[in-house]
Amino acid sequence: MDTELEQLAKAAGDLAAAAGDRQELSTRATGLAERVARGRFNVTVLGEFKRGKSTLVNALLGLDLLPTGVLPLTAVATEVAYGPLGATVVHTDGTTEDIDLGQLADYVTEAGNPGNERQVSRVEARAPAELLRPGVVLVDTPGTGSVFRHDEAAARALLEADGAIVVLSADAPLSEAERKLLAALSERRSPTFFVLNRADHLSQAELDEVTRFVSNALGAELGRTERLWRVSARAALGTRLVGQMAEEGQGGEFAAFSGAFDRFVKLDLVEARVTTARSELARLAHELDDSLRIEAATAQLDAVSLRERVERLRAAAAEQRQAFNDECTLLQRDVDALGGAIGQALADFAANAPAKCEARLVDVARSTPVSRLEEELRRAVESSVRDSFEVFRQAEAERAEGSWKKLAERFRDRTQDRVNAVRAAAADIFQVELPRLAVPEVAEERERYFYLFLHVGSSTENIDRVLRLLLPRSLRRQRLLHRAESDLAREFDKHAGRARWDISQRLDAVRRRFETAMAAELAASAETILAAASRAEQLHGVAEAGRQEQQRASEAASRAAEAALALAGQR
């Protein structure tokens, strides 16, 4: 993988040099070369002070590397990358200082560096851990509450990383700062892992209760369901340091979490980035190839004829853009219809589901002592609504995703037709061969489809206290059952309404993003050709010596484009 990244970086650099004074192409190719050459994939570890972030990083690496069990870190991030054991301190004035890992606490903890008196910007640590070998950099951050309050630029940098791990604590779940962090993460597109640390501090019943609470809060703040990994980082680190992997009962779900994170690194993070770099390199090479073809075809045209042909191409491109806009209107209509169909399915479900769950409430009412009946009925209502919605959600989400993908694929095909029409017009106007350019396939867009399950409360608590004293047990049992049945219907209706609003919002957001991406494809196709024609106009008064130099530059650019396409698998 390292060799491939190096090849991609070199090809992008060569392409940037070959693009010459084609400024926009050169800038984009240079940016790609720099990103790929770095070969670093930052994964930030986020969370409040004293949530066990450093311990979790150590456990993932299987090394007792970062200082733990001390006072909170200063506002200093520690980056851990692959390499021989050691660390480099980067000071705020730009100077650096190499230190031993045993000295880390003197620079990154409040005890060793009070008030950051050493003026540390960040610390770059190195370790020969296999997890880091592909270029992964784990960034152990200070408590994010202070970062998000005082440094918006730092906060954005944290959120824009290639991946993230959010560390929460089972014995102190969800502070206000953590809720703000989750809200900031709600629009994040890169993969994020959510970890509930210190799971071994609670009993199983307590852990299950905290898990439900935090999971519901994640859904409410993020607008999507996320897996919550329940771990004990300290126990996992202990077992890994003696050459074992944490098992159930020792490190909780740490083995599963570590395996999932490792798969993310190997499959999603590095390979996806390489695939993206190949695709971007191919796109740039195609654009350079188009420019060269147009420039060559227009070299012998007089200025008046060239200008007239450019105007004809602008008119053809404008016609295709108008057709694209009309198709956007049709897509919005179809997406609105899809949202309406899902809304109707939700309404029908909410109307019919309570009757299917009432037998469960009756069984609870018959078998539970009156002293515990109110609480048991409340739990039965909550679990009935949750379980029923989960079954419905899975089926409906699959249907919604399938329907959206069909709409998106049809829209993508129409966009492809528009792109081809622009290229065909250019080929005809300038009498040049332009190969077909494929619009990217429809990306997998999993819809945010969930429901907010809140605590099922009662609006008659004062009356209930009186009833407990005045009514016979049989009447109390009957009244509690009747109220539970009413709560059941109300909860189904409430959550169906929330899910209906949510799916309509999500579908509309996905549609807008997709339209923007397809519009960019159409615009890029037209603008590349128009820019090449405009450049040809500018070259018309060049002296013969300059013309020969231009010819040599064009030949070099053509070779660079061919090499880039070959590396990207496009030739």
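No value in this document is a laboratory result; all are computed from the given coordinates. Nothing here was measured: the structure is a model prediction, and the numbers come from that model. Ideal geometry is used to build each Cβ from the backbone, glycine not excepted, and the neighbour counts take in all protein chains shown.
Figures for the structure shown
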item	result
Stretch gain in nm, segment residue 562-residue 4, where the contour uses 0.36 nm per residue and the Cα spacing is subtracted	199.2 nm
Note, ³J(HN,Hα) from phi for the stretch 317-324, Karplus 6.51, -1.76, 1.60, rounded to Hz, x at Gly and Pro	5, 5, 4, 5, 5, 5, 4, 4
Of 266/405; 10/53; 53/180; 180/494, those spanning more than 30 Å from alpha-carbon to alpha-carbon	10/53
Under the Karplus curve 6.51 cos²θ - 1.76 cosθ + 1.60, θ = phi - 60°, whole-Hz ³J(HN,Hα) for the stretch 426-434, x wherever Gly or Pro sits	5, 4, 6, 5, 9, 6, 9, 8, 10
82, 107 arranged by Cβ crowding within 10 Å, fewest neighbours leading	82, 107
Residue 479/residue 263 FRET efficiency (R0 56 Å; Cβ-Cβ; nearest 0.05)	0.60
Pairwise centroid distance, computed over Cα atoms, of the stretch 1-44 with the stretch 340-366, Å	56 Å
Residues residue 333 and residue 372, FRET efficiency given R0 of 45 Å [Cβ-Cβ distance, rounded to 0.05]	0.25
Segment residue 493-residue 27, extension gain: residue separation times 0.36 nm, minus the distance between their alpha carbons	162.3 nm
Under Karplus coefficients 6.51, -1.76 and 1.60, residue-wise ³J(HN,Hα) of the stretch 16-22 in Hz, glycine/proline x	4, 5, 5, 5, x, 7, 7
